[in-house]
1. Report yes if residue 96 is over 30 Å from residue 244 (Cβ atoms), surrounded by fewer than 20 Cβ atoms within 10 Å (Cβ to Cβ) and modelled with pLDDT of 95 or more, otherwise no.
2. In region 132-148, what count of residues is obtained for those that are more than 14 Å from the chain's Cα centre (by Cα), surrounded by 15 or more Cβ atoms within 10 Å (Cβ to Cβ) and not charged (D, E, K, R)?
3. Within region 178-194, which residues are surrounded by fewer than 23 Cβ atoms within 10 Å (Cβ to Cβ) and not basic (Lys, Arg)?
4. Mind telling me which of the residues 70, 106, 128 ends up being buried (at least 19 other Cβ atoms within 10 Å of the Cβ) and in contact with a Gly (Cβ under 9 Å, 6 or more places away or on another chain)?
5. Of the residues 97, 63, 69, only one is under 19 Å from the mean Cα position of the chain (by Cα), among the small types (Gly, Ala, Ser) and in a helix (DSSP H, G or I); which?
6. Based on this model, can you work out whether residue 238 counts as modelled with pLDDT of 95 or more and under 22 Å from residue 114 (Cβ atoms)?
7. When you scan region 216-247, how many residues do you find that are β-branched (Val, Ile, Thr) and either surrounded by 19 or more Cβ atoms within 10 Å (Cβ to Cβ) or assigned to a strand (DSSP E or B) (or both)?
Amino acid sequence: MTEIGLPSGVRACLFDLDGVLTPTALVHAAAWKETFDDFLRERDGDGFRPFDATADYDEYVDGRPRADGVRSFLASRHIELPEGDNEDPPDKQTVHGLGNRKNDAVLEKIRTQGVKPYPGSVRYLEAVRAAGLRTAVVSSSANCRDVLVSAGIEHLLDVRVDGLTAKERHLPGKPHPDTFLAAAADLGFDAARAAVFEDALVGMDAGRSGHFGFVVGVDRVGQAGALRQHGADTVVEDLADLIGATA
């Protein structure tokens, strides 16, 4: 059997989507920048301070549920908006309205650009399934299934816990571990028998606080040290790096 870089007791793999299985983190970062820059320009005029698609994205929105990302970034700029509700139109000046504006932007980018998975991630998914492990995707995105279908990898995942699931089950998002714990339970395992695969620091925090059996940090942007500080047991640049490795 091919070594897959995990402790022998791990029987379930819980994968974040954006930045781990697909490069859609770049799509989300671009959509957030478009959304926040338009909002800030409307609010402050052409002299506004733009959203930084690297620093601000990593610090305030990466891996978080959409409304939490809006709240977190706005708080960093000392801006308060009414909460509104999930049905707010994208032009409404509320937390949910701004979140829906971002969602429209990301859906348009997925529709026009399509999504391709990381080849190494596909190889690793195939390897862990060949080794008899079960697999789940755990994402804060409400568009998770659309991305999986576009990327052609939905069939490689036994369970999906995403933004829609979290809303239905009233699960708090990352950095809380609840969505990962729910995915492990859906696969029939407790946290000690599951491994978490994440590229976001809030995902590392969720893996650590949930006491999972193994936490893999995926370093796509040169933050290996920060991933380890936030709880990664090992860090790789690509999931395929784990094939042939021992934990």
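The values are calculated or read from the model by the stated rules, or taken from the named source; none is laboratory data. As the structure is a computational prediction, the values presented were derived from the model and not from experiment. When we count neighbours, we look across all protein chains shown, and the Cβ atoms used for this are built from the backbone with ideal geometry, even at glycine. Calculation scope for accessible area: heavy atoms of the full protein, side chains included, ligands and nucleic acids excluded. Shrake-Rupley method; radii C 1.70, N 1.55, O 1.52, S 1.80 Å.
1. Numbers: over 30 Å from residue 244 (Cβ atoms): yes; surrounded by fewer than 20 Cβ atoms within 10 Å (Cβ to Cβ): no; modelled with pLDDT of 95 or more: yes.
Spelling it out, it is not the case that residue 96 is over 30 Å from residue 244 (Cβ atoms), surrounded by fewer than 20 Cβ atoms within 10 Å (Cβ to Cβ) and modelled with pLDDT of 95 or more.
2. Restricting attention to region 132-148, the residues satisfying the condition of being more than 14 Å from the chain's Cα centre (by Cα) are 132-135, 146.
Cutting the leftovers down to surrounded by 15 or more Cβ atoms within 10 Å (Cβ to Cβ) gives us 133-135, 146.
Okay, now just the ones that are also not charged (D, E, K, R), so 133, 135.
Residues flagged as more than 14 Å from the chain's Cα centre (by Cα), surrounded by 15 or more Cβ atoms within 10 Å (Cβ to Cβ) and not charged (D, E, K, R) within region 132-148 amount to 2.
3. Our first condition is that a residue be surrounded by fewer than 23 Cβ atoms within 10 Å (Cβ to Cβ); within region 178-194, this holds for 178, 181-182, 185-193.
Matches in region 178-194: 178, 181, 182, 185, 186, 187, 188, 189, 190, 191, 192.
4. Details: 106 fails: in contact with a Gly (Cβ under 9 Å, 6 or more places away or on another chain); 128 fails: in contact with a Gly (Cβ under 9 Å, 6 or more places away or on another chain).
Answer to the selection: 70.
5. On the way: 97 fails: under 19 Å from the mean Cα position of the chain (by Cα); 63 fails: in a helix (DSSP H, G or I).
Going through 97, 63, 69 in turn, the sole match is 69.
6. On the way: modelled with pLDDT of 95 or more: yes; under 22 Å from residue 114 (Cβ atoms): yes.
Here the answer is yes, as residue 238 does meet what is asked.
7. The first filter runs over region 216-247 and keeps only residues β-branched (Val, Ile, Thr), leaving 216, 218, 221, 234-236, 243, 246.
If we keep only those that are either surrounded by 19 or more Cβ atoms within 10 Å (Cβ to Cβ) or assigned to a strand (DSSP E or B) (or both) as well, we get 216, 218, 234-236.
Of the residues in that region, 5 qualify.
Residues are listed down the side, and each one gets a yes or a no for (1) assigned to a loop (DSSP other than H, G, I, E, B); (2) closer than 19 Å to residue 204 by Cβ; (3) in contact with an Asp or Glu (Cβ under 9 Å, 6 or more places away or on another chain); (4) among the hydrophobic types (A, V, I, L, M, F, W, C):
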{"residue": "110", "(1), (2), (3), (4)": "no, no, yes, yes"}
{"residue": "115", "(1), (2), (3), (4)": "yes, no, yes, yes"}
{"residue": "137", "(1), (2), (3), (4)": "no, yes, yes, yes"}
{"residue": "147", "(1), (2), (3), (4)": "no, no, yes, yes"}
{"residue": "171", "(1), (2), (3), (4)": "yes, yes, yes, yes"}
{"residue": "174", "(1), (2), (3), (4)": "yes, yes, yes, no"}
{"residue": "179", "(1), (2), (3), (4)": "no, yes, yes, no"}
